[in-house]
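Let me begin by presenting the structure, written as structure tokens, before commenting on it.
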Amino acid sequence: MGQFAIIGLGRFGSAASLELMRMGHSVLGVDTNGKLVDKYADQLTHAVIADVTDPAALDELGLDNYDVVLVAIGEDIQASLLCVVHLKSMGIQTLWVKASSHAQHLILSKLGVTRIVHPEEEMGIRVAQALSYPMVNDY
Ligand code: ATP
């Protein structure tokens, strides 16, 4: 089974983390918000309070032991990009990042991340497919 590190336990990051756990994977959840970390501590393999804009804090997480790191920080684009730059310098190979704007997408594509995720667009496409094929139910 895979080892995943999810940075940011907002709605998107927590949903991804819980689904990976449900599928039998190991998940490290990271957030600056202690209340969120407490909330998910029992449901994830590990949950840690850390500010991922701080390279020393990132180093302590041992992220090179994970198969994939997913940066799921939304609103704070600067924090997300800073974290990505640190992760790239640390040599993290497989890096998925949630993008919130066209500008962020452009910068992420220049930084060379593995996959840029656009939750709203991707969900819109899935909903359209579900509407178009109402007999096909993937849940
Ligand atoms: P969602 O839509 O998934 O709820 P969002 O798009 O509103 O999220 P945010 O709430 O801005 O995104 O960010 C997601 C999580 O990332 C938050 O729980 C926030 O505390 C966390 N986060 C933001 N900055 C940092 C940081 N520097 N280090 C660690 N976690 C962070």
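The values are calculated or read from the model by the stated rules, or taken from the named source; none is laboratory data. All values reported here derive from a predicted model rather than from experimental measurement. Here the Cβ positions follow ideal geometry from the backbone for every residue, glycine too, while neighbour counts run over all protein chains shown.
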Checklist entry - Does LEU9 satisfy the criteria of being within 24 Å of SER100 (Cα to Cα) and not in a loop (DSSP other than H, G, I, E, B)? => result no
Checklist entry - Among the residues of region 27-72 satisfying the criterion of being within 12 Å of the ligand (Cβ to nearest atom), in contact (Cβ under 8 Å) with a residue 40 or more places away in the chain and in contact with a Phe, Trp or Tyr (Cβ under 8 Å, 6 or more places away or on another chain), which is nearest to GLN3 (Cα to Cα)? => result LEU70
Next on the checklist: Looking only at region 77-106, count every residue that is under 11 Å from ALA5 (Cβ atoms), assigned to a loop (DSSP other than H, G, I, E, B) and touching a helix residue (DSSP H, G or I) at 6+ places or on another chain (Cβ under 8 Å) and tell me the total.
Outcome noted: 1
Next on the checklist: Take the conditions loosely packed, with under 14 Cβ neighbours inside 10 Å and not in a helix (DSSP H, G or I) and apply them to GLY74. Does it pass?
Outcome noted: no
Item to check | ASP138 being modelled with pLDDT under 95, away from the ligand (no atom under 15 Å from the Cβ), surrounded by fewer than 19 Cβ atoms within 10 Å (Cβ to Cβ) and of a type in the set (D, E, K, R) | outcome: yes
Checklist entry - In region 3-39, which residues are over 27 Å from GLU121 (Cα atoms) and either of a type in the set (Gly, Ala, Ser) or in contact with a helix residue (DSSP H, G or I) (Cβ under 6 Å, 6 or more places away or on another chain) (or both)? => result GLY24, SER26, GLY34
Checklist entry - Going by the conditions given, is GLN104 surrounded by fewer than 17 Cβ atoms within 10 Å (Cβ to Cβ) and farther than 16 Å from VAL48 by Cβ? => result no
Next on the checklist: Quick check on ALA5: is it more than 10 Å from the ligand (Cβ to nearest atom) and either in contact (Cβ under 8 Å) with a residue 24 or more places away in the chain or in contact with a Ser or Thr (Cβ under 8 Å, 6 or more places away or on another chain) (or both)?
Outcome noted: yes
Next on the checklist: One residue is enough: does region 39-62 have a residue meeting the conditions part of a strand (DSSP E or B) and among the small types (Gly, Ala, Ser)?
Outcome noted: yes
Next on the checklist: I'm told ALA15 meets every condition in (1) within 18 Å of VAL68 (Cβ to Cβ); (2) touching a residue at least 24 places away in the same chain (Cβ under 8 Å); (3) near the ligand (Cβ under 9 Å from one of its atoms) except one. Can you identify the failing condition by its number?
Outcome noted: (2)
